[in-house]
């Protein structure tokens, strides 16, 4: 029996250490969930610890008996086998006890699930859209309504391919993080533009699939300020591993300042759709849009990836009628094609990127597509 | 177990009689023997070798995955190819390695254990097997077509799987063929068990391995057509303009997941119930004590099978179901812990006050109980929705299902192979090499998968070819474990080949605690066994 006591003691100590352990973000030996930053995440964390305690108790009970038996009931020790093989009483006991344990597990979980699903009375509502392979944020209701931007991974291809050094934020930063005020209820309306993605920030206890054609909601309320990181968690194609979710939680005053800045900036960048651009202006802009949206599949050299993603350099569409080219960029490819729709880009961006594609590499159509054409096409 | 009495003399006389049979109906020689055979033992052997070769192919894919994840950054392959590897590793291990291996066991053991001369539909049995190689060929050759093999995960979720190239179509056809093979195999097993038991062997006297296979076969017949249906819908969405799973055309991508997991969850039990059966044969033999709670084991198996059909949406807790649906699936899932717990308790009670010895099959059986229970614990953790939402699609889930599939199903298969090899080959296997295989597998398995729990909890998603620097150390440990685990299986191959080619002659009943009918046959079991059925009292 002493071995059992030692096992109990060791197990208790290790799990007590484990449950008390809340690790800093980048600990290479982090064994447990991240430090919670919302009520739901805290409840999840506590329930997980409770489950571990229950599992440990059962583990010690069952394997204590088995270990005793393995040590003592051996043929090599000359132990003679008993011949019992049935006991209804025992069967009933070990059917009923697990029921009771399961009830103890399910009760707090049920309360948390109901709380998770209650998305009423938000202070701020943000629409989150998954794209292959970036996230779009549209602030719909509440302070900051009207702000809208795309968030892409800050990790470069060179870092990924080991041609540039990796810093401590490798894979953990986005060019434009989502920003929310601390202590405010944020409702997320989550959807997708192409395939299924999932929006996950562990510290908030939120993971919700982004489903094309459907809107699902979730909510969180951050308890403290800081930068919180998650990742897409539903396989969404080749760059699934490279679409981080970064949320900056700010003091309310700072958030107000951020929102005002964003609005001022977007007011500056609003362009009259009837403005006429030159070929060079559009090409220069288009190259940036291409780098942000198209390069992952069609590649910087326009060659695509043979067999998977078509080349644009010398392609029939990029050198054929304009309307078809605009159509495939705005509405995506035929059913079954990997080409996503990019109707969420502005008229100027689409005009620029189509112009760029028709005049880059060996494509020399000389076509200039103006934003007004895109605007007309959309109608 | 029921007391067994053979109608005529055991051993010597028996072997003589069958020796005579061999002369009359011996197998043809060479390739034609294997192509045309209707013998359950030949077909069982082919199933087992097929499964082992698929295990090697799927294992090489795992090597590729773990090699890429050895360090952060992309070193060896493109992300697309990485996705193809994870997708096909899963598919090949589930449909190519684990399931055919259990069918191989059923072919060899069910007729011998119930006292039947062969399977009920001997020609269909041949056809069920020979469907497998073309399906495997489709899966593997998809790597060489334009666009590469399917890379949308073994779960085929649309719309991603609608985006893929022709590799996905090959995957769909392979699944159709494998499904057809499984359904035929199951019908065969059900018919054999229900109609061809020896006189006196009532259902409640059947060995537990036979019981678990009977229940598994019913599950297969129930769910394989559902899988075939859903991948057919996927095929028509891809090529024939339907919109089952396309919201823009009035469909719903989540409907695919519901239908897929209605197949997928029972599938999990299809891969574990026969493993329970094997363990329930090995433990009493080496404890020299009857199985504790035989009837409650049968009822527990049936309860698990029934419950497995109403828990599928616990794979989908993050899709955003209504709260009542979520709670229903959580409670139903937790209920499965009850019959599963009963099994573990019964096994423990079987060992209690036995007279145990620890040959390789027993080691694998104990390893199974120990590690499968850990997988069961993480299963209960995953059933609790708030926690599941955190660990869904992370390495925690990877760790969980490898604990139940590798140290569960696969360890049971290893145990079963060592247990019955003397009967199959007529030779004893090399006990020290067998033990070496067990200990290497046990250590490297845990090195590979235990740390993945931590990776998942800390936030590493599955199906990613690269990760933040924080996860580097545990990934390296896991990769080292995986390489070790893979290489350890060469020891297994050595033991099996050595045992087939020679070794100490096996007695009819090499394990003194064994009680089931196959041990009344000589070793190796004659080509045609139980031509005259035994009588069970």
Practice problem: Go through the stretch B:270-295 and give me each residue that's surrounded by fewer than 23 Cβ atoms within 10 Å (Cβ to Cβ), in contact with a helix residue (DSSP H, G or I) (Cβ under 6 Å, 6 or more places away or on another chain) and in a helix (DSSP H, G or I). | Solution: none
Self-check item: Candidates B:340, B:348, B:373, B:318, filtered to the one that is under 19 Å from the mean Cα position of the chain (by Cα) and at the interface with chain A (Cβ under 8 Å from one of its Cβ atoms)
Solution: B:373
Exercise. Among the candidates A:267, A:323, A:259, single out the residue that is in a helix (DSSP H, G or I), more than 30 Å from residue B:144 (Cβ to Cβ) and free of Cβ contacts under 8 Å to residues at least 24 places away in the same chain.
Key: A:267
Quiz prompt | Matching residues, the stretch A:191-205, being at the interface with chain B (Cβ under 8 Å from one of its Cβ atoms) and either surrounded by fewer than 24 Cβ atoms within 10 Å (Cβ to Cβ) or over 14 Å from residue B:460 (Cα atoms) (or both) | solution = A:194, A:195, A:196, A:205
Exercise. Output yes when any residue across the stretch B:179-189 is out of contact with any helix residue (DSSP H, G or I) (no Cβ under 6 Å at 6 or more places or on another chain) and within 14 Å of chain A (Cβ to nearest Cβ), and no when none is.
Key: no
Quiz prompt | Among (1) in contact with a helix residue (DSSP H, G or I) (Cβ under 7 Å, 6 or more places away or on another chain); (2) crowded, with 24+ Cβ neighbours inside 10 Å; (3) away from chain A (no Cβ under 11 Å), the one test that residue B:402 misses | solution = (2)
Quiz prompt | Test for residue A:239: is it within 9 Å of chain B (Cβ to nearest Cβ), out of contact with any strand residue (DSSP E or B) (no Cβ under 6 Å at 6 or more places or on another chain), over 25 Å from residue B:247 (Cβ atoms) and at pLDDT below 95 | solution = no
Quiz item: Would it be correct to say that residue B:331 is over 26 Å from residue A:71 (Cα atoms) and out of contact with any strand residue (DSSP E or B) (no Cβ under 8 Å at 6 or more places or on another chain)?
Solution: yes
Quiz prompt | Answer residue from the stretch B:450-508, given it is more than 26 Å from residue B:81 (Cβ to Cβ), surrounded by 18 or more Cβ atoms within 10 Å (Cβ to Cβ) and in contact with a strand residue (DSSP E or B) (Cβ under 6 Å, 6 or more places away or on another chain) and is farthest from the other protein chains (Cβ to nearest Cβ) among those | solution = B:499
Quiz item: Name the residues in the stretch B:351-370 that are in a helix (DSSP H, G or I) and more than 8 Å from chain A (Cβ to nearest Cβ), would you?
Solution: B:360, B:361, B:362, B:363, B:364, B:365, B:367, B:368
Quiz item: Just wondering, is there one or more residues in the stretch B:440-454 that are assigned to a loop (DSSP other than H, G, I, E, B) and in contact (Cβ under 8 Å) with a residue 60 or more places away in the chain?
Solution: no
Exercise. Check the stretch A:99-112 and report whether any residue there is under 30 Å from residue A:181 (Cβ atoms) and more than 7 Å from chain B (Cβ to nearest Cβ).
Key: yes
Exercise. Any chance you could count how many residues in the stretch A:43-69 are out of contact with any helix residue (DSSP H, G or I) (no Cβ under 7 Å at 6 or more places or on another chain), buried (at least 16 other Cβ atoms within 10 Å of the Cβ) and over 17 Å from residue A:98 (Cα atoms)?
Key: 1
Quiz item: Quick check, is residue B:328 part of a helix (DSSP H, G or I), under 30 Å from residue A:207 (Cα atoms), more than 8 Å from every other protein chain (Cβ to nearest Cβ) and modelled with pLDDT of 95 or more?
Solution: yes
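Kindly indicate whether residue A:174 is away from chain B (no Cβ under 11 Å) and crowded, with 18+ Cβ neighbours inside 10 Å.
On the way: away from chain B (no Cβ under 11 Å): yes; crowded, with 18+ Cβ neighbours inside 10 Å: yes.
Answer is yes for this residue.
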Quiz item: Taking into account only those residues within the stretch A:146-170 that are out of contact with any helix residue (DSSP H, G or I) (no Cβ under 7 Å at 6 or more places or on another chain) and assigned to a loop (DSSP other than H, G, I, E, B), which is surrounded by the fewest Cβ atoms within 10 Å (Cβ to Cβ)?
Solution: A:165
Quiz item: Within the bounds of the stretch A:209-223, is there any residue that is at the interface with chain B (Cβ under 8 Å from one of its Cβ atoms), within 10 Å of the chain's Cα centre (by Cα) and not in a loop (DSSP other than H, G, I, E, B)?
Solution: yes
Exercise. Could you tell me whether any residue of the stretch B:514-528 is in contact with a helix residue (DSSP H, G or I) (Cβ under 8 Å, 6 or more places away or on another chain) and assigned to a strand (DSSP E or B)?
Key: no
Exercise. Can you tell me which residue among A:298, A:325 is crowded, with 20+ Cβ neighbours inside 10 Å, at pLDDT 85 or above and in contact with a strand residue (DSSP E or B) (Cβ under 9 Å, 6 or more places away or on another chain)?
Key: A:298
Quiz item: So which residues in the stretch A:155-171 are free of Cβ contacts under 8 Å to residues at least 24 places away in the same chain and at the interface with chain B (Cβ under 8 Å from one of its Cβ atoms), if there are any at all?
Solution: A:159, A:161, A:162, A:166, A:170
Self-check item: Any hit, the stretch B:110-128, residues being buried (at least 24 other Cβ atoms within 10 Å of the Cβ) and in a loop (DSSP other than H, G, I, E, B)
Solution: yes
Quiz item: Of (1) loosely packed, with under 13 Cβ neighbours inside 10 Å; (2) without any contact (Cβ under 8 Å) to a residue 60 or more places away in the chain; (3) in contact with a helix residue (DSSP H, G or I) (Cβ under 9 Å, 6 or more places away or on another chain), residue A:366 satisfies all except one. Which?
Solution: (2)
Quiz item: For the stretch B:137-175, which residues satisfy the criterion of being part of a loop (DSSP other than H, G, I, E, B) and away from chain A (no Cβ under 11 Å)?
Solution: B:149, B:150
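The values are calculated or read from the model by the stated rules, or taken from the named source; none is laboratory data. Not measured: the values here are computed from a predicted model. Here Cβ is always computed from backbone atoms with ideal geometry, including for glycine, and neighbour counts include all displayed protein chains.
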